[in-house]
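K.L.:
One structure follows; several queries about it will come next.
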Amino acid sequence: MRSAFAKRESRSGYIFAGPAALFMFALVIYPMAYGIFISTQKTNLIDEWEFVGAKYYLQLISDSEFFSTLGTTGLFAALVVAGNMAVGLLLAVIVNQKIPLANFFKVILMLPWLFPETVVGLIWKWIFSPLFGLLNHALMSFNLIETETDVLGRENTAFAGVVFVCIWKGYPIVMLMMMAGMKNIPQERYEAASIDGASKWQQFRHVTLPGLKPIILVAVILETAWWFKHFTIIWLMTGGGPAGKTEVVSIEIYLQAFTNFNFGRAAAESVIILLILMVASFIYSRVLRDESE
């Protein structure tokens, strides 16, 4: 009877885990395996399939332009993540105070996150436009510039403009995470710190930040993974220009696949990005494990 019961329990486990395993295979494992397979082929994805092994990986390892694109991508992700963390944490601290209309400001500050990325990219592209953009109009109204400036068309300002827009788009989710984390910090800690004579800054440094450390670690890793592979806003605003100053690796992959029709190389680049993000995830898991210990 015990053996029959154990077999029934085992079958029940397979029945309940089966659909999840199928979804995991269909949505994660199969696409990853297929992408790795394509990276070893010279193909048009229809009737041309020629095995080339590690050819594209060897090309990328010796391609200085690809490493330059990776550097641009890393710098872009680092600046956006740092900006999101700074702005999100600052605004979370402010709106978490007992101020009038706090809930109203929370809703307003969350609006950039609710807009689709396509809408954000197009709106800011119009704002930065040298012909009819609101930015040039405002600067000329206050006599800060004499002639129109093309923010997204100049090599020394396009990258900064894209980073600014992505921070504007991305800070609300960090703010929301920090606000949720602050709710879990016991109020007694602040009361004890206040009794001991701690200032607001000291309370923030010694109570708020340590209490938010696990949230900050999770936010940094998730934000890094998201912005390292970002495509939409940059593509709509600059298309990777001018002169490749805003060309991140996602745009490079897109151009290789759908402009040059070099699907094998594009897949190899995607696999390299996957490996980079897997390393980041490994670091994330180790940091969290050390933190819990």
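K.L.:
Could you sort 223-231, 265-273 so that the peptide with the highest average Cβ count within 10 Å comes first and the rest follow in order?
P.N.:
Top to bottom by mean Cβ count within 10 Å: 265-273, 223-231.
K.L.:
Roughly how many Å² is the accessible area per residue of the chain, as a whole number, for a 1.4 Å probe?
P.N.:
Per-residue value: 61 Å².
K.L.:
Residue by residue through segment 51-57, which ³J(HN,Hα) values in whole Hz follow from phi under the Karplus form 6.51 cos²θ - 1.76 cosθ + 1.60 (θ = phi - 60°), with glycine and proline marked x?
P.N.:
6, 10, x, 8, 4, 5, 5
K.L.:
Rank MET110, LEU70, ASN136 by how far each Cα sits towards the positive end of the charge dipole of the chain (+1 on Lys, Arg Cβ; -1 on Asp, Glu Cβ) and give me just the farthest.
P.N.:
MET110
K.L.:
Another question, then. Pop a pseudo-label 7 angstrom from the Cα along the beta-carbon direction at both PHE37 and GLU148 and give the gap in nm to one decimal.
P.N.:
Output for this residue pair reads 5.1 nm.
K.L.:
Sticking with this one: How long are the three semi-axes of the equivalent ellipsoid of segment 1-157, in whole Å, if each is the root of 5 times an eigenvalue of the C-alpha gyration tensor, listed from largest down?
P.N.:
Working through the eigenvalues yields semi-axes of 48, 33, 15 Å.
K.L.:
Sort LYS98, LYS169 by heavy-atom solvent-accessible area, probe 1.4 angstrom, most to least.
P.N.:
LYS98, LYS169
K.L.:
Taking R0 as 22 Å, what's the FRET efficiency between VAL279 and ALA82 from their Cβ-Cβ distance, rounded to 0.05?
P.N.:
The calculated FRET efficiency here is 0.65.
K.L.:
Can you pick out the pairs among LYS106/LYS245; LYS125/LYS229; LYS106/LYS183; LYS98/LYS169; LYS98/LYS183 whose Cα atoms lie more than 23 Å from each other?
P.N.:
Going by Cα-Cα distance, LYS106/LYS245; LYS98/LYS169 fall outside the 23 Å limit.
K.L.:
Another question, then. Show the residues, 5+ positions off or on another chain, whose built amide H is closer than 5 Å to the amide H of GLN41.
P.N.:
VAL52
K.L.:
Run the simple label-point estimate for TRP49 and VAL119 please: 7 Å along Cα→C-beta, distance reported in nm.
P.N.:
Roughly 4.3 nm, to one decimal.
K.L.:
Would you kindly derive the ³J(HN,Hα) couplings of segment 77-90 from the backbone phi angles with the Karplus curve 6.51 cos²θ - 1.76 cosθ + 1.60 (θ = phi - 60°), listing them in order in whole Hz, with x for Gly and Pro?
P.N.:
Once rounded to whole Hz, the list reads 4, 5, 5, 5, 5, 4, x, 4, 5, 5, 5, x, 5, 4.
K.L.:
If you put +1 on each Lys and Arg Cβ and -1 on each Asp and Glu Cβ, how big is the dipole of the chain around its Cα centre, in Debye rounded to 20?
P.N.:
The dipole of the chain has a size of about 1140 debye.
K.L.:
To one decimal place, what orientation-averaged projected area in nm² is obtained for the convex hull of the Cα set of segment 43-85?
P.N.:
Mean orientational projected area (segment 43-85, Cα hull): 4.7 nm².
K.L.:
List the pair-distance distribution P(r) of segment 47-121, using every Cα-Cα distance, as the percent of pairs falling in each 5 Å bin from 0 up to the bin containing the longest distance, rounded to whole percents.
P.N.:
Histogram of Cα-Cα distances, whole percents per bin: 3, 11, 11, 13, 12, 10, 9, 8, 7, 5, 5, 3, 1, 0.
K.L.:
Over the chain, one equal point on each Cα, no solvent: what is log10 I(q)/I(0) by the Debye formula at q = 0.12, 0.14 Å⁻¹?
P.N.:
Reported log10 I(q)/I(0), two decimals: -1.00, -1.17.
K.L.:
Using amide H atoms built in the peptide plane, which far-off residues or other-chain residues are under 5 Å from GLY241 H to H?
P.N.:
Counting only residues 5 or more places away or on other chains, the set is THR246.
K.L.:
Another question, then. Can you sort TYR56, TYR254 by 1.4 Å-probe accessible area, starting with the largest?
P.N.:
TYR254, TYR56
K.L.:
Give me the base-10 log of I(q)/I(0) for segment 171-280 at each q in 0.10, 0.13, 0.22 Å⁻¹, Debye formula, one uniform scatterer per Cα, rounded to two decimals.
P.N.:
The Debye formula, applied to the Cα set alone, gives -0.50, -0.67, -1.15.
K.L.:
Right, something else. How large a share of the accessible area of segment 199-278, in percent, is made up of carbon and sulfur atoms when the probe is 1.4 Å and the other protein chains stay in place?
P.N.:
Using a 1.4 Å probe with all protein chains present, segment 199-278 comes out at 68 percent carbon and sulfur.
K.L.:
How big is the equivalent ellipsoid of segment 68-210 along its three axes, where each semi-axis is √(5λ) from the Cα gyration tensor, reported in whole Å from largest to smallest?
P.N.:
In descending order the semi-axes read 36, 18, 15 Å.
K.L.:
In the chain, if the dipole is taken from +1 on Lys/Arg beta carbons and -1 on Asp/Glu beta carbons about the Cα centre, which of LEU255, TYR56, GLN202 is farthest to the positive end?
P.N.:
GLN202
K.L.:
Also, quick follow-up: How would ILE61, ILE283 line up by accessible area, probe 1.4 Å, largest first?
P.N.:
Largest to smallest exposure gives the sequence ILE61, ILE283.
K.L.:
Tell me the carbon and sulfur percent of the accessible area for segment 1-110, rounded to whole percent, probe radius 1.4 Å.
P.N.:
Carbon and sulfur: 72 percent of the exposed surface of segment 1-110.
K.L.:
May I pose another question? Helix-only mean residue ellipticity at 222 nm, the chain, DSSP H runs n ≥ 4 weighted -39,500 (n - 2.57), per residue, nearest 500. What is it?
P.N.:
-23000 deg cm²/dmol
K.L.:
Please state, as a whole number in µm²/s, the translational diffusion coefficient that the Stokes-Einstein equation yields for segment 209-274 at 4 °C and 1.567 mPa s, with Rh defined as the Kirkwood radius across alpha carbon pairs.
P.N.:
Once the numbers are plugged in, D ends up at 96 µm²/s.
K.L.:
So how far apart, in nm, are the two label points at MET110 and TYR14 if each is 7 Å from Cα heading toward Cβ?
P.N.:
If labels sit at MET110 and TYR14, their model points lie 4.5 nm apart.
K.L.:
Based on the Cβ-Cβ distance of ASN260 and GLN97, what FRET efficiency does E = 1/(1 + (r/R0)^6) give at R0 = 45 Å, to the nearest 0.05?
P.N.:
0.25
The values are calculated or read from the model by the stated rules, or taken from the named source; none is laboratory data. Owing to the predicted nature of the structure, the values given are computational and were not obtained by experimental measurement. Note: ideal-geometry Cβ built from the backbone for every residue, glycine included; neighbour counts use all protein chains shown. Ligands, DNA and RNA are stripped out before the accessible areas are found, and what is left, the full protein with its side chains, is counted by its heavy atoms. Shrake-Rupley method; radii C 1.70, N 1.55, O 1.52, S 1.80 Å.
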